[in-house]
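> Here's a structure for you.
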2 protein chains.
Amino acid sequence: MPTRLVECVPNFSEGRRGGVIEQIVAPLRGKAGVRLLDHRADPDHNRLVVSLVGDPEPIAAALLESCRAAVASIDLRTHRGAHPRIGAVDVVPFVPLRGISMEECVEIAREFGRRFNRETGVPVYFYEEAATRPDRRNLEDVRRGQFEGLCREIGAPDRAPDVGGSAVHPSAGATAVGARRFLVAFNVNLASRDLSVAKAIAKAVRASGGGLPHVKAVGVDLADRGMVQVSMNLTDHRRSPVHLVLERVRAEARSRGVEVAETELYGMVPAEAMLDAAAYYLQAAAFEHSQVIELRLLDGDP
Amino acid sequence: MPTRLVECVPNFSEGRRGGVIEQIVAPLRGKAGVRLLDHRADPDHNRLVVSLVGDPEPIAAALLESCRAAVASIDLRTHRGAHPRIGAVDVVPFVPLRGISMEECVEIAREFGRRFNRETGVPVYFYEEAATRPDRRNLEDVRRGQFEGLCREIGAPDRAPDVGGSAVHPSAGATAVGARRFLVAFNVNLASRDLSVAKAIAKAVRASGGGLPHVKAVGVDLADRGMVQVSMNLTDHRRSPVHLVLERVRAEARSRGVEVAETELYGMVPAEAMLDAAAYYLQAAAFEHSQVIELRLLDGDP
């Protein structure tokens, strides 16, 4: 049986006090079935972003410990930072990686939200795939007005939490818990200094402009490097795979007389995205992921 | 610290008697640090090929159990099969996969050969990277004359075993133990029925014809499918990566007015080979293997 793997990327509203950061991160270390891949504290954002991968149950158990520490130590009434936030535990997205469907991931998120509320009293909103109403799919809508705005508006019917009563937790605010696809950050650098070209290509390829589904794109000037960039987030790399996105950008660039200079895959990438790209360009139509030794090692004994 | 991983692909001279095959395979199941990826018995070859991946020490320990079973149950004096062989345990190659250098793999192979000889009395020849003399790098040279020929010639100075005395084990013969790179089986199918084109391209790309290093290639007729094939073994995919081999075949084919129809990666492939191909075609020059979530999961905690 394949291992069940999710990624979880909780964001906490603490990026400055090392002691508190350590209290939040400590429960995530050395737990069977939980791998702490990364944690980054940003003092300007005053925010801690953690990346966990592992089995859903032990991840949820370890994360609840972290959340209790965050709720006990972070006070939103005095918290200041550049990043929008509604709570001490601001967002908790679960991402299906391996052996788990999105539907199961939604259930994992909702169960986590209920347990988190039961143990901390913090009200919970479900977002993206875990949303219970269409106007909560978008995280920005859930976080509208931030902690301060939500304190005033939580009594309004359209802002009633999915779990918990109609008041924010006095110090720890509220928390958004969701399920979403893995996000691939993919930038294509163009051999051109003309920002208008990058902007035009970004507009042509992004979903909101009628381009490729699940692609967000903006044009960015890399003046230092004498290039411009189409900077993209692929929010569902299965439906809009990295290689097809690149081919679309290449075609759009060529039609404007510009070549792709290089690309950047930023941060973590699921093996699947790279294997699919390799198989596509190698024309290896019958290739299966299970042919990759390292992936076989992640699965249970046959 | 990264996990230390080797692949080991022992070949045993038994492909028919289910009971003996099971005695050989059983010690390789359910051992901590040892993953039995595959085992295939071929009755025509009268041979069993096993694929193990894992930590070198537990692999060696489990494999010695298998080898004792094979030595006890297989008699080369009565063994018949289509595949060349010198022993009950015919060949034992170790392949560095992850966190292990070829030099370390050579040491693992030699230590295994010494232990195997000590416990079974079967003489051992070291081959490929583990060879102690240039004329033993090639497995075919080590296996020259097979069991029957070796029985006569083992007393000759150039056939003296690397470990053990100058006589084969009466029933279990001798064993070749080696270290080599992972072998990638890569076939390129051409949109042509002209076998001479496939043969000419195979000759142009293979190492022995002055083509690409570590590439073996032959032209094959796929008459049923109306295509011809350049069938290749890449014996060092780091030095001659899959994608560069394909590009060379593509160029050779185009110069003859033929297109690549599709390719086949046969059997297991190391993640590295696919990731390098993806990064090449995606022009993601700065991409690192450690960005792949699944590979991070194979490593120890940071």
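> How many lysine pairs does the protein assembly as shown hold where the Cα atoms are under 23 Å apart and the two sit 8 or more places apart or on different chains?
Lysine pair count for the protein assembly as shown: 5.
> How would you classify the stretch B:85-200 from its alpha-carbon gyration tensor, with a ≥ b ≥ c the square roots of the eigenvalues: rounded for a/c under 1.5, else prolate if a/b is greater than b/c, otherwise oblate?
oblate
> Next up: Given 10 Å bins starting at zero, what is the percent of C-alpha pairs of chain B in each, up to the one with the largest pair distance?
All Cα pairs considered, the percentages come to 6, 24, 30, 25, 13, 2.
> Moving on. Suppose you put the label 7 Å out from Cα in the Cβ direction; list, shortest first and in nm with one decimal, how far residue B:44 is from each other copy's label.
6.7
> Further question: Would you mind calculating the relative contact order of the stretch B:210-302 from Cα pairs under 8 angstrom and at least 6 residues apart, reporting the percent as a whole number?
Relative contact order for the stretch B:210-302 comes out at 19 percent.
> Okay, moving on. Between residue A:30 and the same site in the other copies, what are the distances in nm, shortest first, taking label points 7 Å from Cα along the C-beta direction?
Computed spacing set for this position: 3.2 nm.
> Report the local net charge at residue B:187: Lys and Arg +1, Asp and Glu -1, summed over other residues whose C-beta lies under 11 Å from its C-beta.
Computed value for this residue: -2.
> Moving on. Quote the charge dipole size of the protein assembly as shown about the Cα centre in Debye, to the nearest 20; the model charges only the Cβ of Lys and Arg (+1) and of Asp and Glu (-1).
400
> Quantify how strongly other chains surround peptide B:94-102 by giving the mean number of their Cβ atoms within 10 Å of each of its Cβ atoms.
Whole-number average of other-chain Cβ neighbours for B:94-102 is 1.
> Moving on. Can you give the accessible area buried between chains B and A, summed over both chains, with a 1.4 Å probe, in Å² to the nearest 100?
That pair of chains buries around 4100 Å² in total.
> Using r as the Cβ-Cβ distance of residue B:233 and residue B:166, and R0 as 56 Å, what FRET efficiency do you calculate, to the nearest 0.05?
0.95
> Next question. Taking every alpha carbon pair in the protein assembly as shown, what does the distance histogram look like in 10 angstrom bins from 0, in percent?
Taking all Cα pairs of the protein assembly as shown, the binned fractions are 3, 14, 20, 21, 17, 12, 8, 3, 1, 0 percent.
> Can you tell which of B:283, B:229, B:23 shows the greatest fluctuation in a Gaussian network model of chain B with Cα springs below 10 Å?
B:283
> Pick out the long, greasy-scoring helices in chain A: whole DSSP H runs spanning 20 Å or more along their own axis by Cα, mean Kyte-Doolittle at least 0.5.
In chain A, the long hydrophobic H runs are A:56-73.
> Where the accessible area of the stretch A:131-251 is counted over protein heavy atoms with a 1.4 Å probe, how much of it, in %, is carbon and sulfur?
50
> Still on this structure, I have one more. Work out the length of the dipole vector of the stretch A:115-181 about its Cα centre, built from +1 on the beta-carbon of each Lys and Arg and -1 on the beta-carbon of each Asp and Glu, and round it to the nearest 20 debye.
In total the dipole reaches around 140 debye.
> Something else: Please work out how much length the chain gains when fully extended from residue A:17 to residue A:289, using 0.36 nm per residue of separation minus the C-alpha to C-alpha distance, in nm with one decimal.
Computed gain between residue A:17 and residue A:289 is 93.6 nm.
> With all protein chains present and a 1.4 Å probe, how do A:7, A:129 order by accessible area, largest first?
Largest accessible area first, the list is A:129, A:7.
> For chain A, what is the accessible area per residue in Å², given a 1.4 Å probe and the full set of protein chains?
Roughly 41 Å² per residue, with all protein chains present.
> With an 8 Å cut-off on Cα pairs and a minimum separation of 6 or more residues, tell me the relative contact order of chain A in percent.
Relative contact order comes out at 16 percent.
> Let me ask something additional. Can you list the distances in nanometres, one decimal and ascending, from the residue B:78 label point to the identical position in each other copy, with the point 7 Å along Cα to Cβ?
Nearest first, the other copies' label points are 8.7 nm away.
> Do any residues of the stretch B:38-60 show a loss of at least 10 square angstrom of accessible area between the isolated chain and the full protein assembly, using a 1.4 Å probe, and if so which?
At a threshold of 10 Å² (probe 1.4 Å), the residues of the stretch B:38-60 that become less exposed are B:53.
> May I ask you to derive the FRET efficiency for residue B:44 and residue B:111 from their Cβ-Cβ distance with R0 = 35 Å, giving the value to the nearest 0.05?
After rounding to 0.05, the efficiency reads 0.55.
> At a 1.4 Å probe radius, which order do B:107, B:247 fall into by accessible area, largest first?
Highest to lowest solvent-accessible surface, that is B:107, B:247.
The values are calculated or read from the model by the stated rules, or taken from the named source; none is laboratory data. Source: prediction; values computed, not measured. Don't worry about glycine lacking a Cβ; one is built from the backbone with ideal geometry, like all the others, and counts go over all protein chains shown. Side chains are part of the model used for accessible areas, which takes the heavy atoms of the whole protein and leaves out ligands, DNA and RNA. Shrake-Rupley method; radii C 1.70, N 1.55, O 1.52, S 1.80 Å.
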